[in-house]
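Derivation of every value follows stated rules applied to the coordinates shown; laboratory data play no part. Since we're looking at a predicted model, the values are computed, not measured. Counting neighbours? That spans all protein chains shown, and the Cβs are built from the backbone with ideal geometry, glycine included.
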Amino acid sequence: IHVIRAENYEEMGRIAAKKVIKLIKEHPAAVLGLATGSTPVGLYRELIQDYRQNGTSYRSVRTVNLDEYVGLDQTDHNSYFSFMREMLFSHIDIKEQNTNIPNGKADSLEEECLRYDRLITDLGGVDLQVLGIGRNGHIGFNEPGTSFESNVHVVQLDQSTREANSRFFDSIDSVPSEALTMGIATILRSKEILLLASGASKAEAIKQLFEGSVSEEFPASILKNHPNVTLIADQDALQLAG
Ligand code: F6R
């Protein structure tokens, strides 16, 4: 894993944005893998600012998001569909039909998983996947214990993940208990991966990533076996890493 140290959250976003913009300039029809959560918001802000100032165009870009809650309507303000529209898509010239997020309201979740796997394959795979990391080492919604062979699948969310994400909901009880997520094998098929980490709450996970072995008990550890991963982390997230 190639490591880039950023001063703070804002710089992490700026460095990540430069990489995304460079890819889009070189490959205007690139397939971007995107994440939600607090970590990539700064990156998305930078992309929006660059779009306004420099006109970098997304009209041929395709996107696939990592995950979505099961059971929330797209219009629910906590759905990742709403999140992406609000944080990025509505501010740039991307075509809605080129953006993809798993459908957590599909009649058959099993079929939806197969559809989403096939969709990624049909797009030619992900050129650049943006990832955050959970405090327990999860990537996407792949909690500890998830098989490294997993494709897109339905998951039960860990209590710790529901608690972490409850900040966006009225109460922990309204956080869905299931989600659809790209699997570990799906993520690993990306040609390039940008792992972002910011803040002291991620310091233990980053230390574990560097020092621990590759194990399904710590999903992010598998990234050490991928040939093209860059970790962009700020000082706080790196404070326990030697
Ligand atoms: C989001 C996702 C999650 C988050 C992780 C970190 O699409 O797949 O793995 O990246 O939970 O969340 P934040 O960034 O909110 O700390």
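Compute the relative contact order of the chain as a whole-number percentage, counting only Cα pairs closer than 8 Å that sit 6 or more residues apart in sequence. List each step's numbers first, then the result.
On the way: 486 pairs, mean separation 62.1, N = 242.
With pairs under 8 Å counted, the relative contact order is 26 percent.
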Problem - Surface/4 of the Cα convex hull for region 2-238, nm² - result: 11.7
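Which net charge results when you count Lys and Arg as +1 and Asp and Glu as -1 among the other residues whose beta-carbon is under 12 Å from that of Ser82?
With Lys, Arg at +1 and Asp, Glu at -1, the neighbours total -3.
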Exercise for the section: Convert each backbone phi in region 174-189 into a coupling constant with the Karplus relation 6.51 cos²θ - 1.76 cosθ + 1.60 (shift: θ = phi - 60°), then list the ³J(HN,Hα) values in order as whole Hz, x for Gly and Pro. Expected result: 8, 6, x, 9, 10, 8, 9, 9, 4, x, 5, 5, 4, 4, 5, 6
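Excluding Gly183 itself, what net charge comes from residues whose Cβ is under 9 Å from its Cβ, given Lys and Arg +1 and Asp and Glu -1?
Numbers: positive: none; negative: Asp117, Glu149.
Net local charge, Gly183 excluded: -2.
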Exercise for the section: Please count, across region 2-238, the pairs of lysine residues with Cα atoms under 16 Å apart that sit 8 or more places apart or on different chains. Expected result: 4
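Can you tell me which of 117-124, 185-192 comes out highest on packing, and rank the rest after it, using the mean Cβ neighbours within 10 Å? If you can, show how the numbers build up before the last one.
On the way: 117-124: 13.9, 185-192: 20.2.
Those peptides, ordered most packed to least, come out 185-192, 117-124.
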Exercise for the section: Let me have the 222 nm mean residue ellipticity of the chain computed from DSSP H runs of 4+ only, each contributing -39500 (n - 2.57), with the sum over all residues rounded to the nearest 500. Expected result: -9500 deg cm²/dmol
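If you restrict to DSSP beta bridges whose two residues both lie in the chain, what percentage is antiparallel, to the nearest 5? Don't jump to the answer; show the numbers that get you there.
Working: 9 of 31 bridges.
Percentage antiparallel, nearest 5: 30.
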Practice task
Name the long-range amide H neighbours of Leu231: under 5 Å, sequence gap of 5 or more, or other chain; modelled H, no Pro or chain starts.
Solution key: His2, Val3, Ile4, Leu195
Problem - Given charges at beta-carbon only (K, R positive; D, E negative), |dipole| of region 1-121 in Debye - result: 680
Exercise for the section: Over region 94-171, calculate the relative contact order: mean separation of alpha carbon pairs under 8 Å at least 6 apart, over the residue count, as a percent. Expected result: 24
Practice task
Assign unit charges at the C-beta atoms only (+1 for Lys and Arg, -1 for Asp and Glu), then state the dipole size of the chain relative to its Cα centre in Debye, rounded to the nearest 20.
Solution key: 1000
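Please order Ile92, Ile193 by the number of other Cβ within 10 Å, starting at the fewest.
By the 10 Å Cβ count, ascending: Ile92, Ile193.
Using the Cα centre of region 70-118 as the reference point, and only Cβ charges (+1 on K/R, -1 on D/E), how large is the resulting charge dipole? Debye, rounded to the nearest 20. List each step's numbers first, then the result.
Numbers: 5 positive and 10 negative charges, 32 e Å.
Here the size comes out at about 160 debye.
Within a Cβ distance under 10 Å of Asp234, other residues only, what is the Lys/Arg minus Asp/Glu net charge? Kindly include the intermediate steps, with their values, before the conclusion.
Details: positive: Arg5, Lys202; negative: Glu7, Glu10, Glu11, Asp236.
Residues close to Asp234 contribute a combined charge of -2.
With the Cα gyration tensor of region 69-187 in hand, convert its eigenvalues to equivalent ellipsoid semi-axes via √(5λ) and list them largest first in whole Å.
Numbers: eigenvalues 89, 74, 41 Å².
For region 69-187, the semi-axes come out at 21, 19, 14 Å.
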Completion exercise
With a ≥ b ≥ c from the Cα gyration tensor eigenvalues, square-rooted, and the rule rounded for a/c under 1.5, otherwise prolate when a/b > b/c and oblate otherwise, region 77-131 is oblate
